[in-house]
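Quick note: the coordinates plus some simple rules give every number you see, no bench work behind them. A quick note: this is a predicted structure, and the numbers were derived from the prediction, not measured. Cβ atoms come from the backbone with ideal geometry, glycine included; neighbour counts cover every protein chain shown.
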Amino acid sequence: MGHPNRRDLGLLVLRVGTGAVLAAHGTQKLLGWFGGGGIEGTTKAMEAMGFHPGRESAVAAGLGEAGGGALLALGLATPAAGAAAAGAMAGAVAVHAPAGFFAMAGGYEYPAFLGFTAAAIGLTGAGRYSLDHATGHVLDRPWVVVTAFLGTAIAAAAVVNRRAQHQASPDPDSDPDSDPDSGPEPESEPA
C-alpha cells in the first residue's frame, strides 16, 4: 500500500492540473479569455454543432468546465465538481466522435481523457490537501457522489440525445434546396 502523504500529494497535483485545464477551457467559453469566443462566440459555435438552445448550452458547458475545474483544483465539493466537468466533456466527446478517437485527427481522445480524469477524482475524493478535508467533507458525502453523478449522467444523456435528434431531423427554417453539408466546418469549441 502506498504512503498516505504521497497519495494525497498525488491527488493534489492531479486535481490542480486537471482543474486548471478545465477552468481555462471554461473561461474561454464564458469570458473570452485565452483566445476564446466568450458567450457570444460560444453560442454560435454551439448552435453550429447542433446544441440548442445555443446560449444555454454555451453557459452550461462553460460553467461545467470553469466551475467544475475550479472546484476540482480547490478540492471543494469534489464529487459534484468531477461530475459537472465529466458531463461537460461528454458533450465534447459527442462532437468529436465522428472523427474517431485520436485528437490528431480531430477525435475525442482529449475530452474523453479530461472527462474520465474529472470523474475519477470526483469518485476518489480530493485527499487530505483539499478544502473538502478542511471542512470535514461536508460536501463530499456518499449521497453527494450518487446524486451528482446520477444527475449529471441523466442531464448529459438528455443533451447529447437532443443534439443527435436535432441533427437527424431536417431544419424547418433552412432552405430545402441548400446542401447542409456545404458550409464551413464548425470549430471544435466544447473540448
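Selection among Ser130, Tyr108, Asn5 by position relative to the dipole of the chain gives Asn5 as farthest towards the positive end (Cβ unit charges, Cα centre).
Remark: the Leu31-Asn5 segment gains 5.7 nm on full extension, using 0.36 nm per residue and subtracting the alpha carbon distance. Remark: the Phe116-Arg128 segment gains 2.2 nm on full extension, using 0.36 nm per residue and subtracting the alpha carbon distance.
Here the scattering of the chain is modelled by Debye summation over its C-alpha atoms, one equal scatterer each and no solvent; at q = 0.12, 0.14 Å⁻¹ the log10 of I(q)/I(0) is -0.59, -0.77. Projecting label points 7 angstrom from Cα along Cα→Cβ for Ser169 and Trp143 puts them 3.8 nm apart. By the combined test of axial Cα extent (at least 20 Å) and Kyte-Doolittle hydropathy (mean at least -1.0), the qualifying DSSP H helices of the chain come to 4-31, 54-74, 78-96, 109-124, 142-168.
Label-to-label distance for Leu150 and Ala48 is 3.9 nm, based on points extended 7 Å past Cα in the beta-carbon direction.
In deg cm²/dmol, rounded to 500, what helix-only [θ] at 222 nm does the chain give when every DSSP H run of at least 4 residues adds -39500 (n - 2.57) and the total is split over its residues?
Numbers: 7 runs with 126 residues, N = 191.
Roughly -22500 deg cm²/dmol at 222 nm, from the helical runs in the chain.
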